[in-house]
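Below: the structure, in structure tokens.
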Amino acid sequence: MRYLWWLTRCQPGRVLRGSLLGTAWMVGLSARPYLISRAVDDGLRAGDTRALALWVTAIVAAGVGLACLGTMRHRTMTFIREDAKARSAAVVLRQLSRLGAALPRRTATGEVATVGGTDVDRTGQVLTVTGPGVGAVIAYLVVAVLLWSISPLLALCVLIGVPAVGLVVLPLLRRLERAESVYRQQQGALTARSGDIVAGLRVLAGVGGRALFARRYAARSRELLAEGYRVGAVNSWIDAATVALPGLFLAAVVWLAARMAATGEITVGELVGVYGYTATLVVPVWFLLEGGHQIIRGRVAARRIIALLDARPDGVDGPPDTPHDRPTTGTPAVPEPRRPDTVGRRPVDAPDRPADLYDPASGLTVPAGRLTAVATADPADAAALADRLGRYVVGDVTWGGVPLTRIGLDEVRARVLVAEHDAYLFAGTLREVLRAGRPDSDAGIVAALHAASAGDVLDSLPDGLDSRLDSRARSLSGGQRQRIRLARALLADPEVLILVDPASAVDAHTEARIAERLRAGRAGRTTLVLTTSPLLLGHADTVAHLQAGRVVGTGTHTELLDTDPAYRRLVARDDAEQVLR
């Protein structure tokens with residue numbers, strides 16, 4: 001509810017205008033029954049043509065005025081809802097970018113998809129309550145006062161009946177909240193599974209697992225369908241109640257008023273007025289019930305948005321005075337977790353010249369200005385090392401003797417690049433994909449493609465650098481995509497480049513060219529390659545052998561082959577063969 005209240009407070013002027021227009025429109029609905037009752041009593045029954053014409057003119061003017069008020073109300077409420085949706089989308093997107101590499105470890109892909117789609121929309125819909133909802137309450141009180149002037153008994157029926165209708169629907173709303181929460185959770189899980197299946201469709205087809213995953217997906221889909229039926233059943237009862245209960249209430253009040261008119265307690269004109277007031281009351285009662293329905297669904301949606309906003313990065317944001325920690329105006333500040341040793345400390349400057357990276361957890365030193373390689377049999381150890389050196393997780397890594405977590409994150413990201421072999425490729429022309437928003441020349445792009453041994457990829461595309469690639473560059477082969485990623489990383493030309501298995505999907509000849517050109521292209525700059533490829537290891541200045549997350553040997557590739565039997569088995573792929581056996 002605090003999140004929904006924040007969406008309301010972000011546009012106070014517009015919400016106030018919507019409330020005033022909604023109230024004027026709702027109260028205006030009750031003006032016409034009064035005008036009609038006066039036309040009946042003062043004009044028709046009294047035979048006064050002039051009075052009748054006067055009241056009829058007033059009725060027409062009231063109709064035109066209500067039409068104008070209704071148009072302005074609807075327009076204003078549309079702006080309010082769309083503004084709330086845009087703010088929620090902006091907050092969610094900002095949080096996703098803040099989570100960065102930690103996002104897949106914190107939230108499932110399907111959860112992000114459903115939050116960004118359905119939940120953002122539903123939180124915006126709740127703000128309808130701020131316009132017609134407020135007007136409905138005031139219109140209810142106005143009708144009660146008007147009925148009191150006719151008959152206190154009828155006014156008491158309205159004052160008691162409307163809350164009674166709400167109490168009847170309230171248990172259904174609570175049941176809807178529980179059912180909706182379960183349904184939305186299962187929907188997010190199923191969306192995540194469908195995304196995983198699509199992403200690995202080629203692999204599934206290759207190993208004959210497509211039918212198995214299709215059956216599993218169908219089973220989960222049937223479970224979600226059953227849960228959806230339960231939500232739909234509650235929704236149908238609520239929708240039926242919002243129509244039937246006000247109708248029954250209207251019938252009861254009109255029946256009572258007709259009995260009073262027959263006994264002479266009220267006039268015929270007042271009977272017409274009572275019918276009009278009660279019929280008008282159906283509108284605010286419906287809005288109140290629908291508003292309650294929207295609030296319940298909005299609470300479920302807001303709870304899921306908050307769960308995403310509560311997800312924390314891996315505590316790598318550093319000291320609180322770094323520029324990226326300052327919240328953007330107009331969006332709620334999401335506090336970031338910090339390591340105890342960084343709280344209250346100001347950021348320090350990064351080394352002003354190339355410096356060594358040191359990781360105490362593994363004992364690895366990455367010398368400045370040299371090509372270093374790390375070989376490990378466990379890909380998880382390589383990924384963990386890259387995350388620590390790139391400051392994507394908490395670690396005690398130092399850069400030139402300075403703790404990496406004490407340096408501003410923006411500066412770390414600008415100077416240290418971790419390039420994974422399966423990094424995302426956005427849709428666009430090949431030039432746009434490689435430049436990634438930087439003003440690089442075509443000559444520089446071609447040079448980067450050459451260094452990544454991707455010149456044949458450029459030659460194979462019909463429009464060269466202007467050829468369009470779809471999302472993830474699915475039209476290219478796995479090896480071609482990997483070389484495009486490598487070219488993009490080389491084109492960025494960071495001070496420290498960390499490459500994770502950059503040539504795992506290419507043939508030996510291409511791998512040899514990449515190894516040779518990588519050494520030449522990154523000469524004099526700090527480069528770390530995590531790989532078990534003998535070709536890449538052979539071109540490194542220093543090779544570190546990693547076992548169980550710790551460095552157990554360093555030297556050149558040739559030296560380790562002579563002195564480290566485990567390293568020799570690793571690069572000879574004996575480990576992989578033993579696993580297969």
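The values are calculated or read from the model by the stated rules, or taken from the named source; none is laboratory data. Everything numeric here is computed off the predicted structure, so don't read it as measured data. Here the Cβ is made from the backbone with ideal geometry for all residues, glycine too, and neighbour counts use every protein chain on show. With ligands, DNA and RNA removed, areas are computed over all heavy atoms of the protein, side chains included. Shrake-Rupley method; radii C 1.70, N 1.55, O 1.52, S 1.80 Å.
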*asked:* Can you tell me how the stretch 392-445 classifies by the Cα gyration tensor, rounded, prolate or oblate, using a/c under 1.5 as the rounded cut?
replied: prolate
*Ala380 to Arg106: extension gain in nm, 0.36 nm per residue of separation minus the Cα-Cα distance?*
96.9 nm
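Work out which helices of the chain, taken as complete DSSP H runs, extend at least 24 Å along their axis over the Cα atoms and score a mean Kyte-Doolittle of 0.0 or more, then list them.
12-38, 49-99, 132-150, 152-199, 210-262, 268-310
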*Packing rank of 465-473, 415-423, where each peptide gets the mean count of other beta carbons within 10 Å, highest leading*: 415-423, 465-473
_Quick check: pseudo-label points 7 Å beyond the Cα along Cα→Cβ at Arg222 and Thr429, how many nm apart are they?_
5.1
*Between Ala262, Ala414, Ala102, whose Cα lies farthest towards the positive end of the dipole of the chain when Lys and Arg beta carbons carry +1 and Asp and Glu beta carbons carry -1, centred on the Cα centre?*
Ala262
*Once you have the Kirkwood Rh of the stretch 256-311 from its Cα pairs, apply Stokes-Einstein at 25 °C and 0.890 mPa s and quote D in µm²/s.*
169
*Arranged from highest to lowest average of other beta-carbon atoms within 10 Å per residue, in what order do the peptides 76-85, 239-248 appear?*
76-85, 239-248
*What is the spin-label model distance, in nm, from His450 to Glu82 if the labels are put 7 Å beyond Cα along the C-beta direction?*
5.1
*Evaluate 2.2 N^0.38 Å with N set to the residue count of the stretch 1-96, then give the Cα radius of gyration divided by it.*
1.66
*When the accessible area of the stretch 55-115 is split by element with a 1.4 Å probe, what percent falls to carbon and sulfur?*
69
*Specify which residue in the list Leu289, Ala505, Ala46 is farthest towards the positive end of the charge dipole of the chain, using unit charges on the beta carbon of Lys, Arg (+1) and Asp, Glu (-1), about the Cα centre.*
Ala46
*Would you mind working out the magnitude of the charge dipole of the chain relative to its Cα centre, with +1 at each Lys and Arg C-beta and -1 at each Asp and Glu C-beta, to the nearest 20 Debye?*
1420
*Can you tell me which of 501-508, 517-524 comes out highest on packing, and rank the rest after it, using the mean Cβ neighbours within 10 Å?*
501-508, 517-524
*Please state the equivalent ellipsoid semi-axes for the stretch 417-502: what are the square roots of 5 times the Cα gyration tensor eigenvalues, largest first, in whole Å?*
18, 15, 12
_Cα-derived Rg over Rh, computed across the stretch 62-124 with Rh taken as Kirkwood radius_ = 1.28
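Under a point-charge model restricted to the Cβ atoms of Lys and Arg (+1) and Asp and Glu (-1), what is the dipole moment magnitude of the stretch 408-537 relative to its Cα centre, in debye to the nearest 20? Kindly include the intermediate steps, with their values, before the conclusion.
Values: 17 positive and 18 negative charges, 28 e Å.
That gives the stretch 408-537 a dipole magnitude of about 140 debye.
Starting from the stretch 249-287, pick out the chymotrypsin sites (Phe, Trp or Tyr not before Pro) whose DSSP state is loop and whose Cβ has at most 11 other Cβ atoms within 10 Å.
none
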*How many nm is it between the label spots at Ala90 and Arg50, if each spot is 7 Å from the Cα in line with the beta carbon?*
6.0
*Based on the Kirkwood radius over alpha-carbon pairs, what value in µm²/s does the Stokes-Einstein equation return for the translational diffusion coefficient of the stretch 428-581 at 4 °C and 1.567 mPa s?*
77
*If the viscosity is 1.567 mPa s and the temperature 4 °C, what Stokes-Einstein diffusion coefficient in µm²/s follows for the stretch 470-546 when Rh is the Kirkwood radius over Cα pairs?*
99
*asked:* From the Cα trace of the stretch 38-181, what convex hull volume per residue do you get, rounded to a whole Å³?
replied: 136
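Quick one: putting +1 on the C-beta of Lys and Arg, -1 on the C-beta of Asp and Glu, what dipole do you get for the stretch 1-114 around its Cα centre, in Debye to the nearest 20?
Rounded to the nearest 20 debye, it is 720 debye.
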*Any idea which of Ala384, Tyr275, Leu404 is furthest toward the positive side of the dipole for the chain, if Lys and Arg beta-carbons carry +1 and Asp and Glu beta-carbons -1?*
Tyr275
*Per the helix-only calculation at 222 nm, which mean residue ellipticity applies to the chain, given -39500 (n - 2.57) for every DSSP H run of n ≥ 4 and division by its residues, nearest 500 deg cm²/dmol?*
-21000 deg cm²/dmol
*Full extension from Asp410 to Arg303: what is 0.36 nm times the residue separation minus their Cα-Cα distance, to one decimal in nm?*
35.4 nm
*asked:* I'd like the Kirkwood hydrodynamic radius of the chain, using the inverse of the mean 1/r over distinct C-alpha pairs, in Å.
replied: 29.5
*With the other protein chains left in place, how much accessible area per residue, in square angstrom, belongs to the chain at a 1.4 angstrom probe?*
48
